[in-house]
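These notes are about the structure you will find just below.
Every read-out reported here was derived from the displayed coordinates using simple, explicitly stated rules and does not represent laboratory data. These numbers were taken from a predicted model, which means no experiment stands behind them. Every residue, glycine among them, receives a Cβ derived from its backbone with ideal geometry; neighbour counts consider all protein chains shown.
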Number of protein chains: 4
Amino acid sequence: MPENKIDLNSDVGESFGNYKLGLDEQVIPLISSANIACGFHAGDPTVMKHTVEIAKKNGVALGAHPGFPDLMGFGRRSMDATLDEIKDYVTYQIGALQAFAAAQGMALQHVKPHGALYNMAVRNPDIWRAVAEAVAAVDGRMILFVLAGSNRRDLEAIAAENGIRMAFEFFGDRAYNPDGSLVSRKEPGAVIHDHKAVAEKVLKMVRQGRVVCRDGSEIEMAADTICVHGDNPAALSLVKNIRESLEAAGVEVAAPSTFL
Amino acid sequence: MPENKIDLNSDVGESFGNYKLGLDEQVIPLISSANIACGFHAGDPTVMKHTVEIAKKNGVALGAHPGFPDLMGFGRRSMDATLDEIKDYVTYQIGALQAFAAAQGMALQHVKPHGALYNMAVRNPDIWRAVAEAVAAVDGRMILFVLAGSNRRDLEAIAAENGIRMAFEFFGDRAYNPDGSLVSRKEPGAVIHDHKAVAEKVLKMVRQGRVVCRDGSEIEMAADTICVHGDNPAALSLVKNIRESLEAAGVEVAAPSTFL
Amino acid sequence: MPENKIDLNSDVGESFGNYKLGLDEQVIPLISSANIACGFHAGDPTVMKHTVEIAKKNGVALGAHPGFPDLMGFGRRSMDATLDEIKDYVTYQIGALQAFAAAQGMALQHVKPHGALYNMAVRNPDIWRAVAEAVAAVDGRMILFVLAGSNRRDLEAIAAENGIRMAFEFFGDRAYNPDGSLVSRKEPGAVIHDHKAVAEKVLKMVRQGRVVCRDGSEIEMAADTICVHGDNPAALSLVKNIRESLEAAGVEVAAPSTFL
Amino acid sequence: MPENKIDLNSDVGESFGNYKLGLDEQVIPLISSANIACGFHAGDPTVMKHTVEIAKKNGVALGAHPGFPDLMGFGRRSMDATLDEIKDYVTYQIGALQAFAAAQGMALQHVKPHGALYNMAVRNPDIWRAVAEAVAAVDGRMILFVLAGSNRRDLEAIAAENGIRMAFEFFGDRAYNPDGSLVSRKEPGAVIHDHKAVAEKVLKMVRQGRVVCRDGSEIEMAADTICVHGDNPAALSLVKNIRESLEAAGVEVAAPSTFL
């Protein structure tokens, strides 16, 4: 990761039919990589097309955001699917989004698993391998997004075996444990609400590759992309603040395909 | 259509989860083009992957068989979807299948809409245009399958506008009206069960480009592909018979991408 | 319909999983009959339970609001389902809601079909009969809600055949044609936005059983219930205004089971 | 459990739309309790209606067979749903089936959770309690079916707290461990294919309340109902054989509502 470039990614395209979710029109211009829901946990074909349009208009890179086939649970519930099923679900959803990208003359930059699938994959290398194999088989130029600071070596090895690149993801508004994992949302102080504190945290990670943990200790934390949210006006304001402080510090917000 | 080549196409990959439908393993070796369900009216990601595998193993060309999002109705019920929705549904489903094809080093040859979507598109040029635009935007090399003998000129004009090729489809086991349309299944004699009569009908269409209608009159009928079924042993036996009589007559069964 | 009582009904419980829709907590205290989505076009089991809870707490009567199995289209798209399928879909959805009512010691007061199913049923007596038969078979004490002013006699005859009561529905914020039908939303002036005009219209219908049509003519219009919306703060404000003007005029807002 | 009566239960109504599963027409006449899928993991409204009809015609008691909302996985995959969600899913599905029963003048006798939900509930008392609470709240006269021989005391206590009866289920064609649990299907000898051996096992359980385990030891095993299958002709033949040997031994096949 070069010191003067960082990606901002956000989950978008999560509306479905008559249901609207997220401030996509406003958050997409602020980010460089869009993780677009693909119809299993959120999103529908028409939402996907519109989201690709908005991203294209704003020069934002496209990524598939595949999840479990569980619209009722928004893909947030673990499902005991087999490795083959997971691989097939990821393949299917990538393809569906690729078609909308192709129809607008674009290609996908990346894949970031959603919700329970993401959490299961980060913890279970076999599941990560299933995801990586799906990505590699469909289009090995795509970058796989994953949580920074956890079992990084294992996951990098799996990506390398499959000949694909990974981008590591940092959460500016989340407290970290000394082992590099995120403090659980169930614990106090897990989410950081102070905009200034978040901006400082992001800048420290970008420039020094380090993060101050909740217990005050400092650890190494190299990441290529920062996960941000566009669910509500407060989240949007935080994204604006992160982007402005990055640019004020001479850091360019850019999609990882430009620097990985 | 050259006199010595004809395509045989069949709807396959219609199983879903625990539900098995069709004798895919047996019918696919007998055909040259496989219309593979894409998860909306039938098929699921795992079924799609397996169906692509079987087709690849047998050298059979792959086609997307997109339908309405109505698994409960098997895509056979008209839905009052907008043209944009139809276009997006077709785009989504083509893409999903393309990913499984790409993962196995293949590309899609064709697209054939399913059930109610097919029937609506054949009757309504606006719907046909929506389908054609989706196909053209995703990959203009794909061939669009459509019923022969009906409003052929209109449909050809729409395909031409969009720069895509069409393959016209003939039903060997269905009676025809003098205007080139199929006799409704509700009428007696609509479906021809005699294997010999079906084989003769197919051969006449292939060699002479003509069909004898139910009323005894004879009309022109140029088609590139014959629709066959693999739902049950009797259907399978009919396909075998058609294939054998074609080969005995020196007609090669071949995917339309080889001769269109 | 007695001159001093009228029902206010609203479609509620239309959220689904992570998707929130409608201001149910605020609109339910203002109405007397709640039309609760049953999981086909909107609503999920958890949403249904919560909606029954809110209605119970506010002394509001419960009604099933069954729709087509089309979450992606919010039940607003006509589907070419058979009469038997429609009957079975209505039966299923009524039962699902009955269980949540029973679990809270309540029973359903009414059934109001949703969206495309409602529109199709109002126009097609065969579909209305399928709905009425389902209602009568499951629990003949339930009241069926239907648009006032259209083909009222036909629909009443069907309900009578099945031994069930009907409540006729009036739209205070919609313009009427001289034949008693609603002016299409595609035409100018179809929706009335002026709160005072709506309140006057509602009062005239309640007291005199008459409505002034768009062309200035006046027709008879007897209704038992007024359809109101809780989608947004403006809609909510209109409901409050209608309720206040009714009460100021000495008209009691009451569920139809209390006066039919 | 009286020595001269035993229930035979089977999962039925598992078809969906165009997909047919199970030999319901043939197996239902052989059993006394039908576990009917309710649309989440299998079954659709039309299938439910027909299944209730067949059961009614054959004097077979009706039971709801609720599962997870996972048609693609046939309800066989564990899902990390909350206890409230599980309770709501069970409530919804019971209600849906009750409506079809009511429409034919019948009531539900029992509830038997399906697949992953059944397995999770048997292992986790909190999940069992959620199911029991749903059953008790909707209609406390319904009997809850559960695996015999496992953590029976815990489950009975939970049912008693909720004021509902339980029926314990025995598998005649499965080998048992000495702790009363079923031998995993992954182990050799888990499934018993010999019809005579199955019949003997069933009779021993019915008359003596005992079962010979895989290791030759003998344990107590009191059950009220025997789970049988109607998936294929071989399964059907086994059911016939079980029924005949029971009747030959003077044991009456009867629904548990007649003897519990």
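General observations
- Counting lysine pairs in chain D whose alpha carbons fall under 19 angstrom apart, excluding pairs fewer than 8 residues apart on the same chain, gives 13.
- R0 of 35 Å, Cβ-Cβ distance A:R141-A:R210: FRET efficiency to nearest 0.05: 0.70
- Ascending list, in nanometres, of distances separating the D:R153 label from those of the other copies (7 Å, Cα toward Cβ): 4.9, 7.4, 8.7
- For the rotational copies D and B, the chain D residue with its Cβ nearest the relating axis, together with that separation in Å, is D:Y19, 2.
- Phi angles across the stretch B:59-75 convert, under the Karplus curve 6.51 cos²θ - 1.76 cosθ + 1.60 with θ = phi - 60°, into 3J(HN,Hα) values of x, 9, 5, 9, x, 7, 10, x, x, 6, x, 8, 4, 5, x, 6, x Hz, Gly and Pro given as x.
- Placing +1 on the Cβ of every Lys and Arg and -1 on the Cβ of every Asp and Glu, with nothing else charged, gives the protein assembly as shown a dipole about its Cα centre of roughly 0 debye.
- Selection from D:L23, D:Y89, D:F168 lying farthest towards where the dipole of chain D points positive, charges on Cβ: D:L23
- The spacing between the stretch D:57-96 and the stretch C:25-51, judged by their C-alpha centroids, is 21 Å.
- For chain A, the mean residue ellipticity at 222 nm estimated from helices alone is -12500 deg cm²/dmol, where every DSSP H run of n ≥ 4 contributes -39500 (n - 2.57) and the total is divided by all residues, rounded to the nearest 500.
- Under the span-like rule (Cα at least 20 Å along the axis, Kyte-Doolittle mean at least -1.0), DSSP H helices of chain B: B:83-103, B:125-139, B:233-248
- For the peptides D:222-228, A:57-63, residues were scored by their other Cβ atoms within 10 Å and the scores averaged per peptide; the highest-first order is D:222-228, A:57-63.
- Estimated FRET transfer efficiency when R0 is 25 angstrom, pair C:N241-C:Q104 (beta carbons, to 0.05): 0.20
- Choice from D:M48, D:M72, D:M166 with maximal GNM fluctuation in chain D (Cα, 10 Å cutoff): D:M72
- With K and R counted +1 and D and E -1, the other residues having a Cβ less than 12 Å from that of D:G163 yield a net charge of -1.
- Across the identical copies, the 7 Å label point of C:R210, projected outward along Cα→Cβ, sits 7.4, 8.6, 9.0 nm from its counterparts, in ascending order.
- Legend: mean number of C-beta atoms from other chains within 10 angstrom of residue C-beta atoms, peptide A:99-109, equals 4.
- Inter-label distance, A:K57 to B:D80: 2.9 nm, where each label sits 7 Å from its Cα along the C-beta direction.
- Within chain A: Cβ-based charge dipole about Cα centre, in debye rounded to nearest 20 (Lys, Arg +1; Asp, Glu -1): 340 debye
- Residue among D:A249, D:A167, D:A134 with the largest mean-square fluctuation in a Gaussian network model of chain D, springs linking Cα atoms under 10 Å: D:A249
- Local net charge near D:N9, Cβ-Cβ under 11 Å (Lys/Arg +1, Asp/Glu -1): -3
- Sorted from nearest, the other copies put their C:N58 label points 3.6, 4.7, 5.9 nm away, the label point being 7 Å from Cα in the direction of Cβ.
- For A:D154 and A:R185, the FRET efficiency from 1/(1 + (r/R0)^6), where r spans their Cβ atoms and R0 equals 35 Å, is about 0.90.
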